[in-house]
Structure formats: C-alpha cells, structure tokens
1. Using helices alone, what [θ] at 222 nm do you get for the chain, with -39,500 (n - 2.57) per DSSP H run of 4 or more residues, divided over all residues and rounded to the nearest 500?
2. In whole Hz and in residue order, list the ³J(HN,Hα) couplings for segment 39-56 that follow from phi through the Karplus curve 6.51 cos²θ - 1.76 cosθ + 1.60, θ = phi - 60°; x for Gly and Pro.
3. Quick check: residue separation of residue 45 and residue 31 times 0.36 nm, minus the Cα distance between them. What number comes out in nm?
4. Express in % the proportion of alpha carbon pairs of segment 24-65 at distances exceeding 15 Å.
Amino acid sequence: MDEKRKGEIAMALLKCRIHREGIRLTPDFKRDLGNVAKETGISQNELKEFAKLFIKELIEEAFSK
C-alpha cells in the first residue's frame, strides 16, 4: 500500500470518528495540540493548519447536503 492510499484511509477514518463524536473547541484545545505535537513530532503550527483545513472541509460538507 502506498503512502497516498494510507493518507486517504487515515482521513476517511478521522472524518468518520469526528462525525460520530463531534469536535470540541475548548480553551484546552491549544494545550492538547501541544501535547499531540510532542507525542507525534509534528509541529504545533502544522497541526493548527491541518485542523483549520480539516474543520473547514467538514463544515463545507455539512452545509452542502
């Protein structure tokens, strides 16, 4: 399985989980991103950018139906 397909599967699983559980934008969100950054080695700035794009995509999907 190539890296592109792995990414597609990961995105589909993440979307499925978010649709089921929702997303919480609490005051702890930045701290949580910091913890995830430490655990994964992904920079906090990249995680923030990903979250912005991902949430925007979810909102667009929700309102397009």
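Bear in mind that the values in this text are calculations on the coordinates, not laboratory data. Computed from a predicted model, the values in this text were never measured in an experiment.
1. -27000 deg cm²/dmol
2. Whole-Hz 3J(HN,Hα) from phi for segment 39-56: 5, 9, x, 8, 5, 4, 5, 5, 5, 4, 4, 4, 4, 4, 5, 5, 5, 4.
3. Value of the extension gain: 3.8 nm.
4. Working: 421 of 861 pairs.
The answer is 49 percent, as a whole percent.
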